[in-house]
Amino acid sequence: MQDETKRIADEAASLLREAKTREEIEAVRVRFFGRKGQISLLLGQLGKIAPGERKAAGAAINAVKAELDSAIAEANAGLRRATVDAELREGAIDVTLPGRARFQGHRHPISQALAAVRSIFEKMGFEVIDGPEIETDFYNFEALNFAPDHPARDMQDTFVIDPTTLGSTGAKGPVVLRTHTSPVQIRAMLRSKPPLRVIAPGRVYRRDSDQTHSPMFTQVEGLYVDRGVTFSELKGTLSAFSAALFGSRTKTRFRPSFFPFTEPSAEVDVSCVFCTGTGCRVCKGTGWLEILGSGMVHPNVLRGCGYDSSDIRGFAFGLGIERVAMLLFDIEDIRNLFENDHRFIAQF
Ligand code: FA5
């Protein structure tokens, strides 16, 4: 019996050394502890042993049973440790590897330019207001003193909307995509009494497309109305704005111009950043880039909004934000701003 238990212990130990999976360990357990297993068979033979030796034989079987039990438990624990170790090895982090750069978005150059412009005018005390992009002929043209046959009403420049596509808007007369932000001036003056100091940023639409013109672009309208506002204040405000935005080294010039809703009127150019004023393709050889139109609000417009034009004066301006972005970021073609090529946009 002693020999037999020793043989069982040796065989079990060698089988457990070979067992590499949970199933193989389980097969060893069944081989020795199963109903027909070797230990059960030994226990079954105890009755045939002489009574004098039975006690010692029983003790020997129990000893090998206990030994086998703990060897199987140890084999299972070893397998669990090996599995955990393998998992840790696979998931291990190599702290010496360089980090992976995370994609980080940023504001579009048009939004950056708009934010810079807004912040300068807000510091000067202008309030930011808003108006609709789909406008009636009244706000976009008529109230701004455009004569009925003014060329800007021509369909070449203006996207006219078929009002039946809009459902019931209650609009009288033609409906257009606003061609400028100036209709917001009218909405502001009809709504409030002077003094008024507002800017109105927003999208505008024209049938226009080349290196410096886009069919959809962004303007910032400015309006200051109060008693006795002068043209000098217009020049002072816009010169201070230009110096704040482009730096005092950039030159600004006021050029006489015409708008039906301002008198006198001026366009403001800044020296071209691409050729530093010597003339290039972007500035069409002039050395200057036009950024805004401006002027003293026409008395007809003031009167139309219910203001007393003998007492109340105002100045207004309309600034092209894409032109500002082109100057700030050295962008030669306005169309790049709208193509949404990430390789281009990511530079700014
Ligand atoms: C106007 O739109 C007037 N409403 C501006 C104004 C407001 C004058 C208040 C007086 C008082 P103009 O068409 O010049 O003016 O446009 C103003 C600015 O918008 C231009 O100086 C230019 O910077 C920009 N701009 C005009 N057309 C385009 C275009 N197609 N694409 C990009 N920017 C443009």
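Scanning region 312-348 for residues that are touching a strand residue (DSSP E or B) at 6+ places or on another chain (Cβ under 8 Å), farther than 30 Å from ASN300 by Cα and either away from the ligand (no atom under 15 Å from the Cβ) or open to solvent by 50 Å² or more (accessible area, probe 1.4 Å) (or both) yields a single hit, PHE338. For first residues located in region 69-96 and without any contact (Cβ under 8 Å) to a residue 40 or more places away in the chain and within 24 Å of VAL28 (Cα to Cα), partners that are in a loop (DSSP other than H, G, I, E, B) and open to solvent by 50 Å² or more (accessible area, probe 1.4 Å) and lie 6+ apart or on another chain with Cβ distances below 6 Å do not occur. Among the residues of region 242-269, those identified as of a type in the set (Lys, Arg) and more than 16 Å from LEU328 (Cβ to Cβ) are ARG253, ARG255. Does GLY277 qualify as being in contact (Cβ under 8 Å) with a residue 12 or more places away in the chain and closer than 22 Å to VAL301 by Cβ? So GLY277 fails the test. The listed residues are ALA82, ALA60, and the only one of them that is open to solvent by less than 70 Å² (accessible area, probe 1.4 Å) and modelled with pLDDT of 85 or more turns out to be ALA82.
The residue list ILE61, ILE110, ILE134 contains one member that is in contact (Cβ under 8 Å) with a residue 60 or more places away in the chain, closer than 30 Å to ILE186 by Cβ and among the β-branched types (Val, Ile, Thr), which is ILE110.
Is it fair to say CYS275 is modelled with pLDDT under 95 and either of a type outside the set (A, V, I, L, M) or open to solvent by 60 Å² or more (accessible area, probe 1.4 Å) (or both)? Write out each step before concluding.
Working: modelled with pLDDT under 95: yes; either of a type outside the set (A, V, I, L, M) or open to solvent by 60 Å² or more (accessible area, probe 1.4 Å) (or both): yes.
It is true that CYS275 is modelled with pLDDT under 95 and either of a type outside the set (A, V, I, L, M) or open to solvent by 60 Å² or more (accessible area, probe 1.4 Å) (or both).
Taking the criterion of being more than 8 Å from the ligand (Cβ to nearest atom) and either surrounded by 14 or more Cβ atoms within 10 Å (Cβ to Cβ) or part of a loop (DSSP other than H, G, I, E, B) (or both), the residues of region 254-263 that qualify are PHE254, PRO260, GLU263.
Scanning region 137-162 for residues that are modelled with pLDDT under 95 and touching a Gly at 6+ places or on another chain (Cβ under 6 Å) yields a count of 1. If you go through region 213-224 and keep only what is buried (at least 20 other Cβ atoms within 10 Å of the Cβ), near the ligand (Cβ under 7 Å from one of its atoms) and over 25 Å from the mean Cα position of the chain (by Cα), you end up with just GLU221.
Scanning region 273-304 for residues that are in a loop (DSSP other than H, G, I, E, B), more than 14 Å from the ligand (Cβ to nearest atom) and not charged (D, E, K, R) yields VAL273, PHE274, CYS275, THR276, GLY277, THR278, GLY279, CYS280, GLY285, GLY287.
Restricting to region 234-249, name every residue that is under 28 Å from the mean Cα position of the chain (by Cα) and open to solvent by 50 Å² or more (accessible area, probe 1.4 Å). ALA244, the sole residue that qualifies.
The values are calculated or read from the model by the stated rules, or taken from the named source; none is laboratory data. Bear in mind the structure is a predicted one, so any value in this text is a computation, not a measurement. Methodologically, a virtual Cβ is constructed for each residue, glycine included, from the backbone with ideal geometry; neighbour enumeration extends over all protein chains shown. SASA here: full protein model, heavy atoms, side chains in, ligands and nucleic acids out. Shrake-Rupley method; radii C 1.70, N 1.55, O 1.52, S 1.80 Å.
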